[in-house]
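Data block below; observations after.
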Amino acid sequence: MNGQHHYKASIKWTGNKGTGTDNYRNYERSHQIVIENKVDISGSSDPAFRGDKTKHNPEDLLVSSLSSCHMLWYLHLCSEAGVIVTDYIDNATGIMIETSNGGGQFKEVTLNPIVTVTELQMVDKANELHKKANELCFIANSVNFPVRHNPTAKI
């Protein structure tokens, strides 16, 4: 599976309340993430930055992207290794720090996958495969902060 892959997304700001960005408090951070042939995602900024807490924000989506990419690689590796996974849930967390110039950056993301396998002898291999999934994850390989793992495998 070599080659280049291209991705396209359109982001449309929907938060103009009539006066545009004439004042920091006069506009909403609402926007739509539009990707052809897919359901639109309603976005905003984090509530700490005047965003709508009922909409997805970029920080949530970054943590979700890391978790999702890891899971997809992990399931692939389990399938190849004969580890039968019947359930997978990850309660991923991320820590972002604000910088003195008003910007910020992620300090780390921790994935906490809980994996259910069908047999006791699969547990060790199930836990081990998280390391390989991290090495292969496209998103984890693209960030400049640590992506940590606290996996749990059970029957």
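Could you grab me the full set of residues in the range 60-76 that are more than 14 Å from I114 (Cα to Cα) and either crowded, with 19+ Cβ neighbours inside 10 Å or of a type in the set (S, T, Y) (or both)? Listed by number, the residues that qualify are V63, S64, S65, L66, C69, W73. Screening S79 with (1) more than 30 Å from W13 (Cβ to Cβ); (2) assigned to a loop (DSSP other than H, G, I, E, B) gives one miss only, at (2). Can you pull out the residues in the range 125-154 that are out of contact with any strand residue (DSSP E or B) (no Cβ under 8 Å at 6 or more places or on another chain) and either assigned to a helix (DSSP H, G or I) or among the acidic types (D, E) (or both)? K125, E128, L129, K132, A133, E135, L136, N141, S142 - these are the residues of the range 125-154 that are out of contact with any strand residue (DSSP E or B) (no Cβ under 8 Å at 6 or more places or on another chain) and either assigned to a helix (DSSP H, G or I) or among the acidic types (D, E) (or both). You will find that of M96, M71, the residue that is under 21 Å from K132 (Cβ atoms), touching a strand residue (DSSP E or B) at 6+ places or on another chain (Cβ under 7 Å) and in the same structural domain as A140 (by TED's automatic domain parsing) is M71 and no other. Among residues that are at pLDDT below 95 and of a type outside the set (A, V, I, L, M), H5 is included.
When S64, S45 are checked against the criterion of being within 18 Å of F106 (Cα to Cα), free of Cβ contacts under 8 Å to residues at least 40 places away in the same chain, assigned to a helix (DSSP H, G or I) and small (G, A, S), S64 stands alone in meeting it.
Looking only at the range 1-39, filter to residues that are part of a loop (DSSP other than H, G, I, E, B) and surrounded by 12 or more Cβ atoms within 10 Å (Cβ to Cβ); which one of those is farthest from the chain's Cα centre (by Cα)? Taking the candidates together, the pick is N26.
The values are calculated or read from the model by the stated rules, or taken from the named source; none is laboratory data. Quick caveat, the model's predicted, so the values are computed rather than measured. So basically every Cβ, Gly included, is an ideal-geometry build from the backbone, and we count neighbours across all protein chains shown.
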